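A.B. asks: Before anything else, here's the structure in question.
The values are calculated or read from the model by the stated rules, or taken from the named source; none is laboratory data. Only a predicted model underlies this, so the values are computations on that prediction, with no experimental measurement involved. Here the Cβ positions follow ideal geometry from the backbone for every residue, glycine too, while neighbour counts run over all protein chains shown.
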Amino acid sequence: MKTNARFIKSVIDASNKEGVTLPWSRGTRRAAFIVKRAATQSHQKAA
């Protein structure tokens with residue numbers, strides 16, 4: 001097998017294994033983080 005073909009095969013295999021988390025699929029986790037961040041900022045002193 002040529003090096004280029006082996007590289008392409010490994011890239012395709014890796015892309016099938018990896019699961020990318022898209023912004024709209026992290027809804028509840030992201031919303032909880034935003035609420036936590038907003039609560040932290042409201043407790044900080046103003047300069």
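A.B. asks: Working only within segment 1-11, note down all residues that are at pLDDT below 85 and in a helix (DSSP H, G or I).
C.D. replies: Initial filter on segment 1-11 (at pLDDT below 85): 1-3.
Once the filter is applied, which keeps residues that are at pLDDT below 85 and in a helix (DSSP H, G or I), segment 1-11 yields only Thr3.
A.B. asks: Quick one: how many residues across segment 29-47 are assigned to a helix (DSSP H, G or I) and either modelled with pLDDT of 85 or more or of a type in the set (A, V, I, L, M, F, W, C) (or both)? Before you say what the answer is, go through the steps one by one.
C.D. replies: If we filter segment 29-47 for residues that are assigned to a helix (DSSP H, G or I), which is where we start, we get 29-43.
Those still in the list that are either modelled with pLDDT of 85 or more or of a type in the set (A, V, I, L, M, F, W, C) (or both) too: 31-39.
Count: 9.
A.B. asks: Would you pick out the residues in segment 12-28 that are within 19 Å of the chain's Cα centre (by Cα) and either surrounded by 10 or more Cβ atoms within 10 Å (Cβ to Cβ) or at pLDDT 75 or above (or both)? First the steps, then the outcome.
C.D. replies: Residues of segment 12-28 within 19 Å of the chain's Cα centre (by Cα): 14-28.
Result: Ala14, Ser15, Asn16, Lys17, Ser25, Arg26, Gly27, Thr28.
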